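Notes for the one structure printed next.
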Amino acid sequence: MEASNDKEEEESSNPDEDFEVVLPNEASKSLMISDSGRSSQALSPIRKPTVGAACGQFLNDKKTAESYHQERDLDVQGCKDEQDLQIHSAAVVKSSEVEFPVQFRELQSNTDLKRPPSNWLQDHSSIRLPNPTLKHADFSSFLMAHQFPDCIGEVDVVSDAENIKKLLKIPYNPKAHVSMMIHRVGKTLLIDEFDIYKYLLRQSKKEWHWLRKFFFEHVLQSLTQMENVLVRPNKSRNVVQSRSLLSKFLYHSINEEEKRPPSPPTQPDRSPISVRRPSVVMSEVMPEPSLEEQLPQSSGESFTRNVVWNFEDLHMLIGTDLPIFGGGKHPCVSLRLRDMSRPINILTGIDYWLDNLMCNVPEVVMCYHLDGIVQKYELIKTEDLPHMPDSQFSPRLVRDVAQNILSFLNSKATKEGHTYWLFKGKDDDIVKLYDLTSLSVEGRICVDGNEEEAQTEDSGNPFTVPVAMLFYRVAKNMRSSEDYHTKIATIRALLKNSLTLLDNKEYPKIVSSAHYMLSDLYVPQDIDPDSPVLSDCSDEDSEWLSGGGSDEEADCSSDEEHSCSCDSQSVTPSNPSSTIKVSSLCLPHATKTQSHYYKAPPILGSLEERCHNALNHVVEAIQCLCNSRRNEQEHSSSPGEKDSPRCPPRSQEQEEPKMARPFQPIPMPYSPLNSKDNSALVIAKEKKIETQLTVSVLSHQYTVASWWDKLSVLLLRKAALVYLVLARSSFNAQRYGQALRYTKFSFHAWHCMASRLCGDIEIPVPNQALALAGDTYYMLSKSWDEVASHIEDFNNVTNVHQDMLGLFECLEPSEENHKRLKFACDVEEALVLSLQHFERALSSSDKQTFFHLLRRLGNVCNELGVMYMNQSAKLCEEENVGFEASKELWSKSAELLNRGIEAFTQVGDIPNVALLHSNTGRLMRLCAFYCVPGGGQRVFSVTERHYYNQAINEYQKALDILKQRKKSVEIWDLVVWEFCTTLYTFASLMQDHPPYSFMAGDDLAREIVDLLSKALKYCDVKSPGARQPLYQYRAAVIYMRLAGIYHSAVRAGESDTKNMRHLAERNYSKAAALFMQLENPVDILKVQLDRAVLIEDQIQGTANQQLLIKYNISVLQLLVEGKQALKMCHFMAKPKVNKGGCLSKQQLEDTGSDGRPEKDNTTVKEDELGENSEEEVTILTENMPNEEEENQEKIRALLLVFEKKLHSSLMSLVKIAAGTSKAPKKSNICIDAATLKQMYSASLNTQSLPLADHLLNAINFIAPILHQATMHR
């Protein structure tokens, strides 16, 4: 009976059979077709039959069908108490190689199945039937994983359906032999059948030696019977005949005559496990590993159907070849051939049930035969299969077995990249799991005690490279998906695992690509270098396997017996094996099956740390590529290098002659006629002739010759970007030397990349890098006081940057280094370099950045223009250097300022346009000042007039552009002050040094009055502010000059003398009022004396005593009004205290009146040009001793004049009073002669007092008398 059961199992779960595909589709339980670009055929879903459908044409014997249904109802009723039918199962078809379910043809009774049909072993587009000549790949999970990388990390298991069924039947078949290889990729386990007899006994001794030695030394020693382990495939005559009979039966059942029904329209269904849709391929296509690198062994036939099967809480990607038929009222059924002489055992029933669940087939049709002769058909629903006579089993028990096996594997096989061996011998009651990788690392697996020999190609782990390639492809697929930003941490874990397993010498292309993708995770290619902000990159919706696994089992606390059967620790180097009892697999699994994985750690660290990590990966990748290219060149340089020491040692196969070996077929040099390209596999096969490769740089596609060039370009582009981000970060931290160094490295990397792409054709540097270089040079010029620290930062190169520079030198000739950035020698060079880089950036900028760059360009032009202006002014002040010698600097300054104006005008920056017009006006004023030849008589020249007119025009343009003060208050005030100063200086120079050679006197006076009046218009004496005293003083001086012009006209005897005298007196009065507010004694005395002179001019030639008395009294009143100035002179200890500042203002105006500031005092010149008052007072006080002496002399001279006029007026009054016997009747005052004599006596300095004190005493005596006299009119 056992032999019969084994045979039944062999018939039902034969892994060598190839089955066809049909796609049933129903709302809750049928197969759903997911989008896949792999199949070139349109997939059509099949509708599920109604629940109450009859058996139809499949049941010829009605009584047999009724009796079967009665028995089935009894069984189902008994099972309802156990709730065995509550098993949740659904499937999603990922790919299929057939279009429609083939129409079923019911065979007539007594049909001889031994006779092959006419269509036997012929291909059919709607179904794939078993073909004994074709065979699947031994490690098919790798094929499926590469075919559907988006499922990795989301499903629990990837395996062949036969492997899943074999695992789930372990408790039901104690004689079962299990040998499977387990590999973990994140949450997903890859399970593959491992044929011990094929790989450990039939292969040569050099192949699989690492596992063979461990197998014979450790596994066989623990088993009493070798036959329990070394189980050979059953290839007896009966088994072969059974397979042939099944194949002929299925081909007989194809209805070739009936037409296919049209496929109903499909609606996109979503996967229960949220399988992602095909991702958006990114612009940069990474290289794919070759087919040999992806698979441990050569591939075979692909599966007819790849399905994501959801079995309770388990999600599995499985490959199946179950042939599915349809027709009539039953469009989706599986077809089975049974021998009526043998009952269906449990193993066969589980096989049928699982096959239908995996494909969501609702019914199975049994065809019974006797010795190959068809007897009858029987239709059974899938949910009734567990309750068939002689094959009853509990679906919930099968579910518990599945959950317990997966829980055991998840808790033990926790290391990514490790190879685990799940093993159970025949008649064993335990299942063992070995960590073969840990055993190999410990040195337990070696060849004759020689560790080095264990690492050779033949004795190494053949799964290491395929697993690493799978890590790489899954990471690459995630990176090109739509939810890429939510998978960054997971991608990093995958790529690091791949790099850990791969040898960079053997696989330089894949290793370099992995390093590049890692660098892109740390610093994404789409980052904005101008605002380099990186968030913590953590996975939002996915979790990944921990490197160390979990130390606890998911269901360890649910049951004591279960916890005792499973070790609490995972398989580690210290614990390289773990076991679980078969009886424990049947225990109820209370909790939900979960993998022992954790959320991948996010990419943390500062911006600088992440950039340095990215650079480390770039250096590793470029070094790998350079070493690979160097090795290729060394091997291809001379064909006779085989015998040189550089060549690797020849293998044993090369040394020994090729001879035939027993039990090993001799390969024949031919290719099969019907070779298939396995179009269903999405695996990038390495082609001998590579397709055209392109690289995107600055939105342009460039063609490269090979993958080596493409990876080099991508890595250099990444290095340029990372260095640019570092430069911006250093710039924001005000470390301009470091920012310039990183920018230099970025430029170097970019030029290396450009040389790899186009050779002689120059690819423009990104304007962001050029703009950053310009900004860095500009700010370096502003912080030149700290140039020592900036130079130190510029020259400080760490190891990783040194390695990168060495790689740059290898990739680009050294003579190209003259194009690189350099550290500026002085401020001028820094500004010039800044201007050059901004100009280069503008040539390749887009509309969005064009205006920002124009503003920066205008700013640098302004700074450089002002610097040249100051340099030329300083040069003109040196001896033996004139205006013509510095004319080149004047021209440069004017040109730069005009370029700045054009730049700001294009941007529409009105305040800056006005400011640069003001600076241009200042330049014209300096030119007017320094163009005056030295020596000889000072005369206002035509050249001066030309420059002053240009300056006035520039200031007027600035005011016209601003229009209103509220648009830019500071710039408006500055321009107005500069404009007022220019007008005043222009008028003063023309007044003090009249150009009679080219202007008439009347025209000159009229123009001077116009200029002074216009300057007076811009003197805002009422608005409070820092410049209010300056405006008041300027207005007072202008009033003085206007009064002087009118006074001169009165003295010249012009026609309208009365009006001129009135205008002079009016301007003198306004000037005196302003000087009184400013409390400047010199100016007060001067204006009062000038007013007195204007009155004295009327006394001359006047004989009328009444007028003489009036004029003299008016002079005395003016002198009395100067009492405030006398008090200030009396209390003035030092000129610099209290009123000293005001004296400097007078001296400033007197100096500015001739348009020439004092030599060796650039600040005075700056003050004349409109600098603020604080700078004026501060610098002028440095020369205070000389100024105070001059002020004292001026005051003394003015006081002497004051005393003289006081004596003269009083003496005139005394003479008038003494010459008449009585006072005039119509006099305006009443002062007798005695009083006048007392007043005159008080004006005499009889006590030899200081002149200021004496005059103050005299005024104090005269003032009340004069006031009393004027009151009695």
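When we screen V942, V866, V913 for residues that are over 22 Å from H852 (Cα atoms) and among the aliphatic types (A, V, I, L, M), the only hit is V942. I'd like to check something: does segment 976-994 contain any residue that is open to solvent by 30 Å² or more (accessible area, probe 1.4 Å), modelled with pLDDT of 90 or more, among the aliphatic types (A, V, I, L, M) and in a helix (DSSP H, G or I)? Among the residues of segment 976-994, not one is open to solvent by 30 Å² or more (accessible area, probe 1.4 Å), modelled with pLDDT of 90 or more, among the aliphatic types (A, V, I, L, M) and in a helix (DSSP H, G or I), which makes the answer no. Taken over segment 178-189, residues that are closer than 19 Å to K432 by Cβ and either crowded, with 24+ Cβ neighbours inside 10 Å or within 40 Å of the chain's Cα centre (by Cα) (or both) amount to 4. Pairing residues of segment 430-444 that are closer than 22 Å to E193 by Cβ with residues that are at pLDDT 80 or above and open to solvent by 40 Å² or more (accessible area, probe 1.4 Å), at Cβ distances under 6 Å and at least 6 apart in sequence or on separate chains, gives I430/T579; I430/K581; K432/T579. Look through segment 777-797, keep the residues that are small (G, A, S) and farther than 23 Å from R856 by Cα, and return whichever of them is surrounded by the fewest Cβ atoms within 10 Å (Cβ to Cβ). Looking at residues that are small (G, A, S) and farther than 23 Å from R856 by Cα, I get A788. When segment 955-975 is filtered for residues that are in a helix (DSSP H, G or I) and out of contact with any Phe, Trp or Tyr (no Cβ under 9 Å at 6 or more places or on another chain), the ones remaining, listed by number, are K957, D960, I961, K967, V969, E970, I971, W972, D973, L974. With respect to I1008, determine if the residue is surrounded by fewer than 20 Cβ atoms within 10 Å (Cβ to Cβ), assigned to a helix (DSSP H, G or I) and aliphatic (A, V, I, L, M). So I1008 fails the test. Tallying residues that are in contact with a Leu (Cβ under 7 Å, 6 or more places away or on another chain) and of a type outside the set (F, W, Y) within segment 781-796 yields 2. Does at least one position in segment 362-382 carry a residue that is outside any helix (DSSP H, G or I) and closer than 30 Å to K581 by Cβ? Within segment 362-382, not a single residue is outside any helix (DSSP H, G or I) and closer than 30 Å to K581 by Cβ. If you go through segment 1093-1120 and keep only what is in a helix (DSSP H, G or I) and more than 17 Å from I1262 (Cα to Cα), you end up with V1093, L1094, I1095, E1096, D1097, Q1098, I1099, Q1105, Q1106, L1107, L1108.
Checking each residue in segment 1243-1271 for being outside any loop (DSSP other than H, G, I, E, B) and farther than 15 Å from K1123 by Cα picks out Q1268, A1269, T1270, M1271.
Scan segment 1023-1043 and give yes if some residue there is assigned to a loop (DSSP other than H, G, I, E, B) and buried (at least 18 other Cβ atoms within 10 Å of the Cβ), otherwise no. Yes - at least one qualifying residue is present in segment 1023-1043. Put simply, of A161, A145 the only residue that is aliphatic (A, V, I, L, M) and under 36 Å from the mean Cα position of the chain (by Cα) is A145.
Considering only residues in segment 387-415 that are buried (at least 24 other Cβ atoms within 10 Å of the Cβ) and outside any helix (DSSP H, G or I), the one that is nearest to the chain's Cα centre (by Cα) turns out to be T414.
Picking from residues in segment 1080-1092 that are in a helix (DSSP H, G or I) and not aliphatic (A, V, I, L, M), the one that is surrounded by the fewest Cβ atoms within 10 Å (Cβ to Cβ) is D1090. Quick check, is T1102 more than 28 Å from I1265 (Cα to Cα), open to solvent by 20 Å² or more (accessible area, probe 1.4 Å) and in contact with a helix residue (DSSP H, G or I) (Cβ under 8 Å, 6 or more places away or on another chain)? For T1102, the condition - more than 28 Å from I1265 (Cα to Cα), open to solvent by 20 Å² or more (accessible area, probe 1.4 Å) and in contact with a helix residue (DSSP H, G or I) (Cβ under 8 Å, 6 or more places away or on another chain) - is not met. One residue is enough: does segment 276-287 have a residue meeting the conditions modelled with pLDDT of 70 or more and among the basic types (K, R)? Within segment 276-287, none of the residues are modelled with pLDDT of 70 or more and among the basic types (K, R).
The values are calculated or read from the model by the stated rules, or taken from the named source; none is laboratory data. In this text, all values refer to a predicted model and were calculated from it rather than measured experimentally. Note that we place each Cβ from the backbone using ideal geometry, even for glycine, and neighbour counts take in every protein chain shown. Each accessible area value is taken on the protein alone, full model and side chains, heavy atoms only, with ligands, DNA and RNA left out. Shrake-Rupley method; radii C 1.70, N 1.55, O 1.52, S 1.80 Å.
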